[in-house]
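Engineer: Structure provided below as structure tokens; questions to follow.
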Amino acid sequence: VGKKMVVAVTGATGFVGKALVDSLLADGHEVRVLTRDANKARVTMPNAFFNGAKFFGWDTASGKIEWYGALKGCTGVVNLAGASISDPWNEQYKKTLVKSRLQTTKRIVDAINKLPDKERPSLVSGSAVGYYGVSKKATFDENSKPGNDFLSGLCVQWEAAADRCETNYVTKIRTGVVLEKGGGAMGKILPVFQLYGGGILGKGDQVVSWIHRADLVNLIKAALENPKTYRGVVNGVAPNPTTMAGLCAATAAATNRPNWLPVPGFALKLLLGEGATVVLDGQRVVPKKALANGFEFAYENVEEALEAIAR
């Protein structure tokens, strides 16, 4: 571990945020959790609280002042906040998906921009591979153009909000499907397999660009430690994308469960609403920048990632 960092994190109570906070604390860095309700977050993250993380809320009587104070002295800020993409969508929830991301990003960027030039921390802000739209044939790297569906539009706006930041180094991590037990896509898929009733979601030939949560956490840490090298867009995906059929087969193998009948697309659409596109349609995305920067993935293939997860 290099020099000690002071890192503020939004979305810290989430599936990736929690793991990031624990990892930063374990490495001896100082962590400041920026959240809506500081007391609630302390309860949700007892581990972080006991290990010395500080918590700052913004809906307290003092308004959003706590966040502004919290950024003073930070070396980096990680912005992961946003309503879950894998929950069922409807028109109302789509508004929530956008608003939750844009609002938090605007708050963070405003707070960083208020600091004197020399005191502004680097910013690592979330985005998603949904940026590229949906395709069965194309391969996307960091220079590819955005798609034209709802999720692409969301990512374009989310990244633009981060780019308003007047700090020297802004990194936008376009994350794939994050794999680990206890949440994210696996939180939905694993239980189905553990009940013996796994099965391919949709047709099975859609591409899944995925990353193991441990690798994503390390990638975010690499961007915090080397903001200059990681500035701009970074695809947060493993080097070997899979297909939905491949993901289900690997899950079946790792859980010693049969890979049962496919779950038809229409059933998923009923379950997830428009959010089914995230599971039913995919895109092949490669981590060109991470590999060029010499980043080492612990899990390059979905089989080894799932072996580790199912253990």
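The values are calculated or read from the model by the stated rules, or taken from the named source; none is laboratory data. As the structure is a prediction and not an experimental result, all values here were calculated from the model. Positions of Cβ are backbone-derived with ideal geometry, glycine not excepted, and every protein chain shown enters the neighbour counts. The accessibility values were calculated without ligands, DNA or RNA, using every heavy atom of the protein model including side chains. Shrake-Rupley method; radii C 1.70, N 1.55, O 1.52, S 1.80 Å.
Engineer: Does segment 79-179 classify as rounded, prolate or oblate by the C-alpha gyration tensor (a ≥ b ≥ c root eigenvalues; a/c under 1.5 gives rounded; else a/b over b/c gives prolate, otherwise oblate)?
Structural biologist: Details: a/c = 2.40, a/b = 1.48, b/c = 1.62.
It comes out oblate by the Cα gyration axes.
Engineer: Quick check: net charge around V129, other residues with Cβ under 10 Å of its Cβ, Lys/Arg +1 and Asp/Glu -1?
Structural biologist: Summing Lys/Arg as +1 and Asp/Glu as -1 gives +2.
Engineer: Moving on. Using a 1.4 angstrom probe and counting only protein chains, how large is the accessible area of M45 in Å², to 10?
Structural biologist: That residue has around 10 Å² of solvent-accessible surface.
Engineer: Could you please report the charge total around A138, scoring K, R as +1 and D, E as -1 over all other residues with beta-carbon less than 12 angstrom from its beta-carbon?
Structural biologist: Taking every Cβ under 12 Å from that of A138, the sum is +3.
Engineer: Follow-up question, since we're still on this one. Under a plain spin-label model, where a point goes 7 Å from the Cα along Cα-to-Cβ, how far apart in nm are E166 and K203?
Structural biologist: Using points 7 Å along Cα→Cβ, the separation is 5.0 nm.
Engineer: Using a 1.4 Å probe, how large is the accessible area of L179, given in Å² and rounded to the nearest 10?
Structural biologist: 0 Å²
Engineer: Relative to the compact globular guide of 2.2 N^0.38 Å, what is the alpha carbon radius of gyration of segment 1-45, as a ratio?
Structural biologist: Cα-based Rg divided by the globular estimate yields 1.12.
Engineer: Given the protein chains as shown and a 1.4 Å probe, how many square angstrom of K4 are accessible, to the nearest 10?
Structural biologist: That residue has around 130 Å² of solvent-accessible surface.
Engineer: In the neighborhood of K4, defined by Cβ-to-Cβ distances under 12 Å, what is the net charge if each Lys or Arg adds +1 and each Asp or Glu adds -1?
Structural biologist: Result for the neighbourhood of K4: -2.
Engineer: Separate question: Considering only protein heavy atoms and a probe of 1.4 Å, how much of the accessible area of segment 1-117 is carbon and sulfur, as a whole percent?
Structural biologist: 56 percent
Engineer: Right, here's the next one. Sort the following peptides by mean Cβ neighbour count (other Cβ atoms within 10 Å, averaged over residues), highest first: 304-311, 28-35.
Structural biologist: 28-35, 304-311
Engineer: For segment 6-130, what's the relative contact order in percent, using C-alpha pairs closer than 8 Å and at least 6 residues apart?
Structural biologist: 26 percent.
Engineer: Here's another thing I want to ask about it. Stretched out fully, how many nm does the piece from S84 to A253 gain, at 0.36 nm a residue minus the Cα gap?
Structural biologist: Separation in residues times 0.36 nm, less the Cα-Cα distance, equals 58.1 nm.
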